[in-house]
Every structure is written in structure tokens, then in C-alpha cells.
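Trainee: Here you go, one structure.
The values are calculated or read from the model by the stated rules, or taken from the named source; none is laboratory data. Remember, it's a predicted structure, so these values are computed and weren't measured experimentally. Cβ placement follows ideal geometry from the backbone for every residue including glycine, while neighbour counts extend to all protein chains displayed. In case anyone asks, the SASA skips ligands and DNA or RNA and just uses the protein heavy atoms, side chains included. Shrake-Rupley method; radii C 1.70, N 1.55, O 1.52, S 1.80 Å.
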Amino acid sequence: MSNPRIAVIGLGYVGLPLAVEFAKKYKTFGFDINASRIAELNKGNDHTLEVTSEKLKEVLSDCSRPKGLYCTNDLARIKECTTYIVTVPTPVDKNNRPDLTPLYKASETVGQVLKKGDIVVYESTVYPGVTEEECVPVLEKVSGLKFNKDFFAGYSPERINPGDKQHTVSKIKKVTSGSTAETAEIVDQLYKSIITAGTHKAPSIKVAEAAKVIENSQRDINIAFVNELAKIFNRLHIDTADVLEAAGTKWNFLHFKPGLVGGHCIGVDPYYLAQKAQEAGYHPEIILAGRRMNDGMGAYVAHETVKQMVRKDIKVKGSKILVLGITFKENCPDVRNTKVVDILNTLKEYETDITIYDPWADPAEVNHEYGWESVKKLPEIKEYDAVILAVAHDAFKNIDLDSICKKNKVIYDVKGVVDRGIVDARL
């Protein structure tokens, strides 16, 4: 495939940066069903902040040029493409079961324009078998074409780290795979042409799928371990950070910190692996135990904050509590699957008066996703009974917590970044 015409399906945190990189070398179409998202991008703006306006405007072009990015929600515009790369989200439902709906719909979309010789590459995180057993049948049904005869598939898991300006898409080694040996080589060479960090060609699509889903499961389990340590050391009145610092002096100690595990990857991917394991007749004990531990940390923080308030004779009901941050990680506007909400929902049970301050989060999105009101500017009120630093945004570093709180107050530091001298408790 000497001159591929690429379509990236889904222009979110994963799809847009990838499309921008491909657009530097190839004619690239960015497709998204969200018309407002397309309008925003065509003006050179990205509300996710993954791509700067300057870099986006550099690659934007009309579809008549040999390379560049053309963003559209018109399916007819991408029918001449030869490579379709699907980058839609793969969430879980309210019962933590994998929800493949976005993948099914994206496959239906691609199936409508699929032609003989085309390649469809999936980047969405899935459990082993989804590409060939779930997505390909949809492509065949809609297109009327035969898999591995008329069209081919590949899998190259995304490794985007939202908000990370150092480990950008081209600087992260990429795992690739294909449904045939020839397809695998084509897919590998395509990604190799834009990924400066290089590629790793997996022997099969299922191996590539499995590799992705265990990357974040491994991190999840390690964080669950230190979260459990934090609970233990809290009861023993030992500072967890001090313990980890001391243990970290050994050369092979793994450096993980306790905290809230949210976002669209680490807090979700283990459930995909667990689902497939259970289908195969195996109950994954360690993976699900880690999930239970991490899913309970928000409530734990809230209860510990209340305990500190009681110790200081601060009336809990009706108390004013300031929560700093609601995004799932620092210096990033992404609020998907944020575990800060678990803190809020637990504090609500105590009938507290909560103010959520986050200069990065979009208040409308927070309200739409979770039903909570947040503000982008610190309120004038300076009479808080408690403050919980939930997200370590740089903007919070210079806040004088003493000046905005009552003299008798509680400060809970989830991230371990506040001066220890004024903190009542932390993970």
C-alpha cells in the first residue's frame, strides 16, 4: 500500500493526535459523528487540549491535497479511503461489564464504505478476540465482503496518556498486528512511518489485544497493593510516603503511589480481561480484588475526612467542604470515570455542603456526566471546615489553604503534595 488514504474513526483523546501524525505524511480524514466536534476542529481548536491550535492548524487542509487532515462527519467523504483506523472508546456499563456498543456502531459505519483490498485497524482497548469475533462479523454483514479475502483487519492498541506532553503518540513504541502475515507487515510499516519510537509486530491480533489489556491491569494491581498498604499504615499511624521512600532505595522496588484510579484505561481495562477470563471458565481473583480495592478508595477518603472532622469537634452535617479537582488526573480536562465523584457521593450522604473547584474541568460536562456543579474559579468564601485535595493540578500549588478555611479545619491530601505541616491526613 504505497499511497494509503487514511480515515481515523473517532476524534477524541486517542484519534485526534493519531490523525494529526498521519496527516503530516498522508492524506488523512478524521471522521466523527459529533458535528460540533468537527466544527471545533476545523476552526483549529481542540477542547481536550491534546493537540495545540498551532499544530492542528498546520495539518488542516482540504481533501484535494496529497497530505493533510480533513475533518468531517460526512460518511461519503471517507469512502475512497484505503485504511480505516477505529479509535472509539470502550467503556463498561453500570455493572462493570464491557460495553462494545461504540465499537459495533463504528464497525457498521466503516462497513458502509468498505471496499475490496481495504484494511480496518482497531485501536480501542478490548479483550482478546473482539476484533475478529465481534467487529469483523459486523464489517462482513454490512459490507457484504469476505474477511481475509476481500478486506483485512489489524489491531494496534492505543497508548495515549492524556495530558502527557512528553510521551506523545509518536514517541511511544507501538504494538501492531494483522489478520494475515502480509497485512501485519503493511500495518507495521504504516505505523513505523510515523512512530519515531518504533514498533513491535505481534504474532497475532489476539496477542496484541491481550498485551494491551494487561498493561493497565498490571498498573491497577500494583496501585491496589499500595492502596491497601496505605490503609494498613494509616491504622498503624505510619506515614505511607515515608515507608515507600525507604523501601524505594532497593534497586528492584517498583515505585507506585496510593491514590484514586479513574480514567478510561486503568480503571476500566481489567474488567475487559476479567470478562474474557470468566467466559473461558476462570474466575480472576487477583484482578477483581485489585478492582474492588481501587474502586473503594473514593469512599475511603470521604470517610477518613469525616473521622478527622469528628476528632476535631467539627460538626459534619451542614459543614462546608472544598474539593480541589474533579478530573481523573492532574493538568488534564478529562473527567471520564473520575473517582473523585465517589468522594463527593459519599460526603453527600453526610449532608455536607460541597464546593468543587477545578480550573481544568468543563462545568457543563461535569454536570452532564455526574450531576454535580463545579466552578473554574475559586469562590470568594473563606470559611471552609475541610479541604480535600483530590487532584494535583499545578494551579493548586499556590493556594493558601489556611486563608480560605476556618481556624479549626481538616485538610486531607489525596495526592501527597500539600505541606505535611498543615495536613491532617493523606493517602
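Trainee: Give me the residue from segment 179-193 that is of a type outside the set (F, W, Y) and either under 25 Å from the mean Cα position of the chain (by Cα) or over 16 Å from F147 (Cα atoms) (or both) and, out of that set, surrounded by the most Cβ atoms within 10 Å (Cβ to Cβ). Before the answer, list the steps.
Mentor: Just the residues of segment 179-193 that are of a type outside the set (F, W, Y), to begin with: 179-190, 192-193.
Retained after the next criterion (residues that are either under 25 Å from the mean Cα position of the chain (by Cα) or over 16 Å from F147 (Cα atoms) (or both)): 185-190, 192-193.
Numbers: E185: 13, I186: 20, V187: 29, D188: 22, Q189: 13, L190: 24, K192: 15, S193: 14.
Taking the candidates together, the pick is V187.
Trainee: Just one of (1) of a type in the set (S, T, Y); (2) open to solvent by less than 30 Å² (accessible area, probe 1.4 Å); (3) in a helix (DSSP H, G or I) trips up T90, so point out which.
Mentor: (3)
Trainee: Going through segment 153-195 one residue at a time, which ones are modelled with pLDDT of 95 or more, among the aliphatic types (A, V, I, L, M), in contact with a Pro (Cβ under 9 Å, 6 or more places away or on another chain) and not in a helix (DSSP H, G or I)?
Mentor: Hit for segment 153-195 is V175, nothing else.
Trainee: OK, next. In segment 103-128, what count of residues is obtained for those that are open to solvent by less than 40 Å² (accessible area, probe 1.4 Å), not in a loop (DSSP other than H, G, I, E, B) and not small (G, A, S)?
Mentor: Counting residues in segment 103-128 that are open to solvent by less than 40 Å² (accessible area, probe 1.4 Å), not in a loop (DSSP other than H, G, I, E, B) and not small (G, A, S) gives 7.
Trainee: Read through the list (1) touching a residue at least 12 places away in the same chain (Cβ under 8 Å); (2) outside any loop (DSSP other than H, G, I, E, B); (3) open to solvent by 60 Å² or more (accessible area, probe 1.4 Å), then give the number of the only condition that E133 fails.
Mentor: Condition not satisfied by E133: (1).
Trainee: In segment 310-327, is there at least one residue being open to solvent by less than 10 Å² (accessible area, probe 1.4 Å) and out of contact with any strand residue (DSSP E or B) (no Cβ under 8 Å at 6 or more places or on another chain)? Let's see the steps before the verdict.
Mentor: Residues of segment 310-327 open to solvent by less than 10 Å² (accessible area, probe 1.4 Å): 319, 321-327.
So of that shortlist, the ones also out of contact with any strand residue (DSSP E or B) (no Cβ under 8 Å at 6 or more places or on another chain) come out as 327.
Yes, segment 310-327 has at least one match.
Trainee: Against the definition (touching an Asp or Glu at 6+ places or on another chain (Cβ under 7 Å), in contact (Cβ under 8 Å) with a residue 12 or more places away in the chain and among the hydroxyl-bearing types (S, T, Y)), how does T338 come out, yes or no?
Mentor: Values: touching an Asp or Glu at 6+ places or on another chain (Cβ under 7 Å): no; in contact (Cβ under 8 Å) with a residue 12 or more places away in the chain: yes; among the hydroxyl-bearing types (S, T, Y): yes.
Here the answer is no, as T338 does not meet what is asked.
Trainee: Can you tell me which residue within segment 403-418, out of those that are touching a Leu at 6+ places or on another chain (Cβ under 9 Å) and over 17 Å from V340 (Cβ atoms), is surrounded by the most Cβ atoms within 10 Å (Cβ to Cβ)?
Mentor: So the first thing to find is which residues in segment 403-418 are touching a Leu at 6+ places or on another chain (Cβ under 9 Å), and the list is 404-405, 409, 411-418.
Keeping just the survivors that are over 17 Å from V340 (Cβ atoms) gives 404-405, 409.
Details: I404: 18, C405: 20, K409: 24.
Step by step, filter segment 403-418, then rank; the result is K409.
Trainee: Which members of segment 375-402 meet the condition of being assigned to a helix (DSSP H, G or I) and either at pLDDT below 90 or buried (at least 20 other Cβ atoms within 10 Å of the Cβ) (or both)? Spell out how you get there, then give the answer.
Mentor: Looking only at segment 375-402, we keep the residues that are assigned to a helix (DSSP H, G or I), and these are 394-396, 401-402.
Residues satisfying the conditions are F396, D402.
One line per residue, one yes/no per condition, for (1) surrounded by fewer than 15 Cβ atoms within 10 Å (Cβ to Cβ); (2) over 28 Å from K165 (Cα atoms); (3) of a type in the set (S, T, N, Q):
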| position | (1), (2), (3) |
| --- | --- |
| A39 | yes, no, no |
| H47 | yes, no, no |
| P66 | yes, yes, no |
| Y70 | no, no, no |
| R77 | no, yes, no |
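Trainee: Of N367, N345, which residue is more than 25 Å from N234 (Cβ to Cβ) and modelled with pLDDT of 95 or more? Spell out the reasoning first.
Mentor: Working: N345 fails: more than 25 Å from N234 (Cβ to Cβ).
The conditions single out N367.
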